[in-house]
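Only one structure is covered here, and it is reproduced in the block below.
The values are calculated or read from the model by the stated rules, or taken from the named source; none is laboratory data. Because the structure is a prediction, the values reported are computed rather than measured. Ideal geometry is used to build each Cβ from the backbone, glycine not excepted, and the neighbour counts take in all protein chains shown. When the accessible area is computed, the model is the full protein with side chains, heavy atoms only, and any ligands, DNA or RNA have been set aside. Shrake-Rupley method; radii C 1.70, N 1.55, O 1.52, S 1.80 Å.
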Amino acid sequence: MNTNYKTIDEYIALQDEKVIPVLEEIRKTIKKCAPEAEETIGYGIPTFKFHGNLVHFAAYKNHIGFYPGASGIEFFKDEIAKYNNSKGTVQFPLDKPIPYDLITKITEYRVKQNLEKLKK
């Protein structure tokens with residue numbers, strides 16, 4: 001996997017053409033939840049920062065990796081149970097509909113968490 005991307009635009013443009021619309025929709029979904037978030041590349045993948053790390057996502061051969069951190073996974077563990085997941089990631093298979101509504105809920109939760117941390 002190339003990890004030398006400079007922007008999210010570059011990352012998305014260099015993916016398989018079948019997954020590009022999915023990645024663009026994920027990006028749009030995140031931006032709706034966090035319009036003030038900074039777009040960057042972190043760990044070689046698309047990253048959104050909003051008073052710290054917010055969420056990351058990445059394309060793989062058979063799935064989209066979504067990385068909301070351990071707290072995002074734990075809080076939504078029941079809703080993500082049907083997907084492969086681990087401490088800080090959930091995998092959305094590309095042969096099934098991407099749960100944009102779940103991505104929205106998780107991202108909104110992470111925005112709220114980061115704002116609460118900021119207040120402290």
Next item on the list: May I ask you to list the residues in region 71-83 that are assigned to a helix (DSSP H, G or I) and in contact with a strand residue (DSSP E or B) (Cβ under 9 Å, 6 or more places away or on another chain)?
Entry: GLY72, ILE73, LYS77, ILE80
Check: Do any residues in region 45-69 that are in contact (Cβ under 8 Å) with a residue 60 or more places away in the chain and closer than 20 Å to THR7 by Cβ have Cβ atoms under 7 Å from those of residues that are open to solvent by 10 Å² or more (accessible area, probe 1.4 Å) and among the β-branched types (Val, Ile, Thr), where the two are at least six apart or on different chains, and which pairs are they?
Finding: PHE50/VAL111; LEU54/VAL111
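Picking from ASN114, ASN53, which residue would you name as being surrounded by 16 or more Cβ atoms within 10 Å (Cβ to Cβ) and either among the aromatic types (Phe, Trp, Tyr) or within 12 Å of the chain's Cα centre (by Cα) (or both)?
That would be ASN53, the only listed residue that is surrounded by 16 or more Cβ atoms within 10 Å (Cβ to Cβ) and either among the aromatic types (Phe, Trp, Tyr) or within 12 Å of the chain's Cα centre (by Cα) (or both).
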Check: Would it be correct to say that THR107 is touching a Cys at 6+ places or on another chain (Cβ under 7 Å), surrounded by 12 or more Cβ atoms within 10 Å (Cβ to Cβ) and in contact (Cβ under 8 Å) with a residue 12 or more places away in the chain?
Finding: yes
Notebook entry, point to check: Out of (1) in contact with a helix residue (DSSP H, G or I) (Cβ under 8 Å, 6 or more places away or on another chain); (2) more than 20 Å from ASP16 (Cβ to Cβ); (3) of a type in the set (A, V, I, L, M), the odd one out for ALA70 is which?
Noted result: (1)
Notebook entry, point to check: From the set of residues in region 19-44 that are at pLDDT below 95 and part of a loop (DSSP other than H, G, I, E, B), which is surrounded by the most Cβ atoms within 10 Å (Cβ to Cβ)?
Noted result: GLY44
